[in-house]
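The values are calculated or read from the model by the stated rules, or taken from the named source; none is laboratory data. Bear in mind that the values here come from a model prediction, so they are computed numbers and not experimental data. Counting neighbours? That spans all protein chains shown, and the Cβs are built from the backbone with ideal geometry, glycine included. Note: areas computed on protein heavy atoms with side chains; ligands, DNA, RNA excluded. Shrake-Rupley method; radii C 1.70, N 1.55, O 1.52, S 1.80 Å.
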Amino acid sequence: MYKYLILYILISIISNSLYSFNSKDINLFYNDYYSSNKYKTEIIKSKISDMTYNNIYGLVYSMSLEDDKQKYLYLKDLINKNNNYMSSNDSDYLISVAHLMAYIVYYSSLGEKIDYGKKSKAIYEKVLSSDKNNFHALLGVAIGYMKAPAIAGGSNKKALEYFTLALNNAKENYQKYLAYTWMSQYYFKLKDVNQYDSYVKIAESIYSSGNYLKNAINRNIELKKSL
C-alpha cells in the first residue's frame with residue numbers, strides 16, 4: 001500500500017509539472033476549437049477574469065468579427081490591456097499575448113507588423129529560455145522565420161528547423177493539426193506541390209471538419225498567399 005502511495009505521489013508531481021491545471025483547461029478548449037466550428041467557450045469564458053483566459057476568449061471572439069477595422073481596434077485595445085506582460089513568468093499567459101500580436105498583424109500597417117513581430121519574438125524567446133520544448137513558442141518562431149523577409153532575418157532553413165522542432169513537441173491533437181497545417185503553408189511558399197498536398201492530407205486526417213486548414217487553403221487559392 002505504501003509503495004503504491006509513493007508511486008501515486010510521484011506521478012502527480014510529474015503530471016503537474018508537465019501539464020498544469022490551467023494548461024489542461026486551455027488544451028481541452030483548443031482541441032475542441034480547432035476540431036470543428038461547433039466549439040464551446042464556456043470553459044474559457046467562466047475564467048475570463050484571468051488575463052490568460054481573457055486573451056484567449058478575446059482572440060476567438062475577434063475572429064468572429066467581419067469588419068477588419070473593428071477587428072483591428074478590438075485586438076489593439078485587448079493587447080494594450082496587457083501591461084508589463086514581459087515581467088510575467090507564466091508561459092500560458094505570455095503565449096496568449098503573443099497569439100494576439102500574431103493575429104493583429106494581418107490588419108496592421110507595415111510599421112506595426114514589424115513592431116508586433118519583434119515583441120512576439122521576444123515573448124517566444126523568453127518562454128523558450130525556461131522551456132525549450134514549448135510547442136507554441138517553437139511554432140511562433142518558425143512562423144516568424146517563414147514570414148519575415150531575408151533582410152529582416154527571415155530564413156526558410158531556420159523556419160523548417162523550428163517547424164520540425166514544434167512538430168516533434170506537439171502532444172495534443174490540435175498542436176499536431178497546427179504544425180501540419182503550417183508545414184503545408186511552408187511548402188506552399190516554396191511552391192513544392194507534392195509536400196504541400198502531403199501535409200494538407202495529414203492535417204485533414206486529424207480534424208476533417210477543422211476550419212483553420214480550410215481557411216488556409218482558401219487563402220492559398222484565392223490570394224495565392226500562405227497564411
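Any residue at all in segment 62-74 that's modelled with pLDDT under 95, part of a helix (DSSP H, G or I), open to solvent by less than 30 Å² (accessible area, probe 1.4 Å) and of a type in the set (G, A, S)? Checked segment 62-74: no residue is modelled with pLDDT under 95, part of a helix (DSSP H, G or I), open to solvent by less than 30 Å² (accessible area, probe 1.4 Å) and of a type in the set (G, A, S). Once segment 148-176 is narrowed to residues that are touching a residue at least 40 places away in the same chain (Cβ under 8 Å) and out of contact with any Ser or Thr (no Cβ under 8 Å at 6 or more places or on another chain), the residue that is nearest to D25 (Cα to Cα) is E172. Taken as a whole, the structure places L190 among residues that are of a type outside the set (S, T, N, Q), open to solvent by 70 Å² or more (accessible area, probe 1.4 Å) and touching a residue at least 24 places away in the same chain (Cβ under 8 Å).
Where helices (runs of 4 or more DSSP H) sit wholly within segment 155-227, those with at least 2 residues that are closer than 22 Å to N134 by Cβ occupy 156-168, 173-189, 193-206.
Within segment 199-222, the residues that satisfy the criterion of being farther than 23 Å from V60 by Cα and without any contact (Cβ under 8 Å) to a residue 12 or more places away in the chain are K201, S205, I221, E222. Scanning segment 89-116 for residues that are small (G, A, S) and open to solvent by less than 30 Å² (accessible area, probe 1.4 Å) gives S96, A98, S108. The residue of segment 133-154 that is surrounded by the fewest Cβ atoms within 10 Å (Cβ to Cβ), among those that are outside any helix (DSSP H, G or I) and at pLDDT below 95, is P149.
Can you name every residue in segment 16-58 that is at pLDDT below 80 and not in a helix (DSSP H, G or I)? Residues satisfying the conditions are Y19, S20, N37, K38, I48. Taken together, D67, D90, D50, D32 contain a single residue that is over 28 Å from K176 (Cα atoms) and among the acidic types (D, E), which is D67.
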